[in-house]
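Bear in mind these aren't lab numbers, they're just calculated from the coordinates by the rules spelled out. Bear in mind that the values here come from a model prediction, so they are computed numbers and not experimental data. We place every Cβ from the backbone using ideal geometry, glycine too, and count neighbours over all the protein chains shown.
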Amino acid sequence: MRLSQALPDLVLDIENALVRLGRADLGRQLTQVDVSSWAYDDFADTVYLKFGAADVRYAERFSLYDELGVNLDTDDRGRLCGLEILEGKPIAALLEAR
């Protein structure tokens, strides 16, 4: 499932925040990534979405916690490989409905 189709409003908000931080390159990637898997942690109320191969390990984390309550993970080549969404219960419900 394409992230931009599943969660268009969230993608737009993240993309705008990344442009303000000078990371438009990551914002452009958001519109291209496919969600390979996702998980919801009820205790932490957090959703984690993985993009690409299951065995990719993140190399860097970009926090947009203050602005949007999300963290973006990139691999060692600067490609998005994951997205953590805090207070994620509404997002999990949207993803389950797909």
- Note on the structure: The set of residues whose placed amide H lies less than 5 Å from the amide H of residue 81, leaving out same-chain residues fewer than 5 positions away, is 73, 74, 75
- Note on the structure: Computed ³J(HN,Hα) along the stretch 10-21: with the Karplus parameters 6.51/-1.76/1.60, θ = phi - 60°, integer Hz and x for glycine or proline, the list is 5, 4, 4, 4, 5, 4, 5, 5, 5, 4, 4, 8
- Distance between Cα centroids, the stretch 13-34 to the stretch 42-98: provide it in whole Å. 14 Å
- Query: What residues qualify as long-range amide H neighbours of residue 45, i.e. H under 5 Å apart, gap of 5 or more or another chain, H built at 1.01 Å from N?
  - Reply: none
- Note on the structure: For Cα Rg over 2.2 N^0.38 Å, with candidates (1) 0.98; (2) 1.02; (3) 2.13, the value calculated from the shown model is option (1)
- Once phi is turned into ³J(HN,Hα) by the Karplus curve 6.51 cos²θ - 1.76 cosθ + 1.60 with θ = phi - 60°, what whole-Hz value does each residue of the stretch 31-37 show in order, with x for glycine and proline? 7, 9, 7, 9, 7, 8, 6
- Message: Please list, in order along the stretch 57-62, the HN-Hα scalar couplings obtained from phi with the Karplus expression 6.51 cos²θ - 1.76 cosθ + 1.60 (θ = phi - 60°), rounded to whole Hz, x for Gly and Pro.
- Response: 10, 6, 10, 8, 10, 10
- Please identify which residues in the stretch 28-42 have an amide N closer than 18 Å to a label point set 7 Å out from the Cα of residue 53, following the Cα→Cβ vector. 33-37
- Could you tell me which GluC sites (Glu not before Pro) in the chain are loop residues by DSSP with no more than 13 other beta carbons within 10 angstrom of their beta carbon? 87
- Note on the structure: Residues meeting the amide H criterion for residue 64 (H placed from the backbone, H to H distance under 5 Å, 5 or more places apart or on another chain) are 70, 71, 72
- How much net charge surrounds residue 35 when only other residues with a Cβ under 10 Å from its Cβ are counted (Lys, Arg +1; Asp, Glu -1)? +2
